[in-house]
Amino acid sequence: MGFIQPTLQTPNIDDLASTGVHFTNALVTSSLCSPSRASILTGMSTRNHKIVDNNNSSEEGLTFFPQYLQDAGYQTGFFGKWHMGSHSDMPRKGFDKWVSFTGQGTYYPQDRVPPPLRNKGIVNQLNVDGVHVDQKGYITDELTDYALEWLDNDIDQTQPFLLYLSHKAVHSDATPA
């Protein structure tokens, strides 16, 4: 039977609930995504890493945990929303593979592109290892495809790896595929 609603069949969620870990005392120091992301990546509280909001912060002087893993021989890949205090989509230290977008990103290639530019074929872009490429489809699907491609084709399966997948779709305003 369903985990939340008894009439729904949710075998995957049921499996996660019965075999996964439930953190009953988990909390964040800020409900904003940039400070929370900085806390996850640095292990520091907002007060210490100083990423205090989604717009006016600096990553200068911070070390992210993937740098330590990379130094220890891990293959590291980042896929998704970075948007930590700036609108830069450039690759960050600690990641061998990088797929991201500027700022909040968009759900679809044409979102927020003015009609005159959209009619000329202008679409939003992803930064793939420092090269800007056109966003082709729904962002959740596209990021997942990049991550799976990296797992299937680019990593040495005999070596440890970290895949950090940060989807946009968990942010407002959620738009389905």
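Miscellaneous remarks
- Non-local Lys pairs in the chain, i.e. 8 or more apart or on different chains, that have alpha carbons under 18 Å apart: 6
- Near residue 166, the amide H atoms lying under 5 Å from its own belong to 79, 80, 81; only residues 5 or more places off or on other chains count, and H is placed 1.01 Å from N.
- Heavy-atom accessible area per residue - the stretch 92-177, 1.4 Å, Å²: 57 Å²
- The stretch 1-84: C-alpha pair distances exceeding 22 Å, %: 49 percent
- Summed residue charge, Cβ within 14 Å of residue 92's Cβ, Lys/Arg positive, Asp/Glu negative: -1
- Whole-percent carbon and sulfur share, accessible surface of the chain, 1.4 Å: 55 percent
- Choice from 152, 14, 89 with maximal GNM fluctuation in the chain (Cα, 10 Å cutoff): 14
- Build a GNM of the chain with springs between Cα atoms under 10 Å apart, and of 37, 92, 118 the one that fluctuates most is 118.
- The residues neighbouring residue 28, those whose beta-carbon lies less than 15 Å from its own, together hold a net charge of +1 under the Lys/Arg +1, Asp/Glu -1 convention.
- Where only DSSP H runs of four or more residues are counted, the chain gives -6500 deg cm²/dmol as its mean residue ellipticity at 222 nm, each run worth -39500 (n - 2.57).
- Note on residue 67 and residue 154: the model spin-label points, each 7 Å out from Cα along the C-beta direction, lie 2.1 nm apart.
- Annotation: the chain has a Kirkwood hydrodynamic radius of 18.1 angstrom, from the mean reciprocal C-alpha pair distance.
- For residue 76, the amide hydrogen comes within under 5 Å of the amide hydrogens of 96, 97, 162, counting only partners 5 or more places away or on other chains and with H modelled in the peptide plane.
The values are calculated or read from the model by the stated rules, or taken from the named source; none is laboratory data. All of these numbers come straight from a predicted model, not from anything done at the bench. Neighbour counts are summed over all protein chains in view; Cβ atoms, including those assigned to glycine, are modelled from backbone coordinates with ideal geometry. For the accessible areas, the whole protein counts, side chains as well, though only heavy atoms, and no ligand, DNA or RNA atoms are used. Shrake-Rupley method; radii C 1.70, N 1.55, O 1.52, S 1.80 Å.
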